[in-house]
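Any read-out appearing in this document is the output of simple, stated calculations on the displayed coordinates, not a laboratory observation. No experiment lies behind these values; they were computed from the predicted model shown. Quick reminder, even Gly has a Cβ in these numbers, built from the backbone with ideal geometry, and neighbours come from all protein chains shown.
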Amino acid sequence: MEYYYIKSFHLIFVITWFAGLFYIPRLFVYQIEAFHKPSPDKEILGKQLKLMTRRLWYIITWPSAILSTIFAIWLLILQPFWLQQGWMQVKLAFVVLLIIYHLKTHQYFNQLQNDVVKKTSSFMRIWNEGATFILFAVVFLVILKSALDWVYGVVGMIVLGILIMLGFKLYKNFREKNPDA
């Protein structure tokens, strides 16, 4: 019974971690766009967006990342044979990518909190999709657990990436033609 409680907590914190990772780059987009506005909009929006990102990052995203990792390790202690399975090894590689993505996002967070704008809002819109790719990969690996199926999943992710990039280009063109949209 302990296993199911630990698994439930792990899943809850994975969901809230991803919620933070999905939303914070969107806030970065708004921060970057606010940074280029004239005064007083720049200062008013900048202050509010910094507060929102700080709360999201330190109250939801970081604690969720830490707690999901703790519960994941606990699950692996309860079920150590999973480490011998290929799907789990590939999943853990994606988890390492997720942690790298999280740490890089933290770097962007720190820059924007200090009014250092090194990336464009367009870059952040693309960056926002990184967590989506990792989520797709991990969910398919955990559900399918078959080497052949996860190969199809990777091909599907590549197709998804192409579709997202096409959608991004279409949206960018739409925004350029309709700046108030």
Say R0 is 35 Å: what FRET efficiency, to the nearest 0.05, do Y3 and I126 get from their beta-carbon distance?
-> 0.35
Mind checking which of L141, G167, I6 is farthest towards the positive end of the stretch 2-177's charge dipole, using Cβ charges of +1 (Lys, Arg) and -1 (Asp, Glu) about the Cα centre?
-> G167
Report, to the nearest 10°, how far helix 2-35 tilts away from the longest principal axis of the Cα atoms in the chain, using its own Cα long axis and a range of 0 to 90°.
-> 20
Fewest Cβ neighbours within 10 Å first, please rank M52, M165, M1 accordingly.
-> M1, M165, M52
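Grab the beta carbon distance between Q111 and I60, set R0 = 22 Å, and tell me the FRET efficiency rounded to 0.05.
After rounding to 0.05, the efficiency reads 0.65.
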Rounded to a whole number, the Stokes-Einstein D of the chain in µm²/s (Kirkwood radius over Cα pairs; 25 °C; 0.890 mPa s) is 136
Step through the table entries K37/K118; K50/K177; K104/K145; K47/K169, compare each Cα-Cα distance with 27 Å, and write down the pairs that go over it.
-> K50/K177; K104/K145; K47/K169
Please give, to one decimal in nm, the separation of the simple spin-label points placed at K104 and V159, each 7 Å out from Cα toward the Cβ.
-> 2.6
Using unit Cβ charges (K, R positive; D, E negative) and no other charged atoms, how large, in debye to the nearest 20, is the dipole of the stretch 1-71 about its Cα centre?
-> 160
With +1 on each Lys and Arg Cβ and -1 on each Asp and Glu Cβ, and nothing else charged, work out how big the dipole of the stretch 2-177 is about its Cα centre, in Debye to the nearest 20.
-> 480
Helix 62-78: angle to the longest alpha-carbon principal axis of the chain, degrees 0 to 90, nearest 10?
-> 10
F22 versus L144: modelled label distance in nm, points set 7 Å from Cα along the beta carbon direction | 2.1
Expressed as an acute angle from 0 to 90° and rounded to the nearest 10, what is the orientation of the C-alpha long axis of helix 130-144 relative to the principal long axis of the chain?
-> 20
With only helices counted (DSSP H, runs n ≥ 4, each -39500 (n - 2.57)), the per-residue ellipticity at 222 nm for the chain, to the nearest 500, works out to -28000 deg cm²/dmol
In whole Å, what is the distance between the alpha-carbon centres of the stretch 94-135 and the stretch 154-179?
-> 18
Can you tell me the order of 112-124, 60-72 when each peptide is scored by its average per-residue count of other Cβ atoms within 10 angstrom, highest first?
-> 60-72, 112-124
What ranking do E43, E176 get, fewest neighbouring Cβ atoms within 10 angstrom at the top?
-> E176, E43
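So if R0 is 25 Å, what FRET efficiency would D180 and Q48 give, r being the distance between their Cβ atoms, rounded to the nearest 0.05? Please report the intermediate quantities before stating the final value.
On the way: r = 21 Å, r/R0 = 0.84.
Efficiency at R0 = 25 Å is approximately 0.75.
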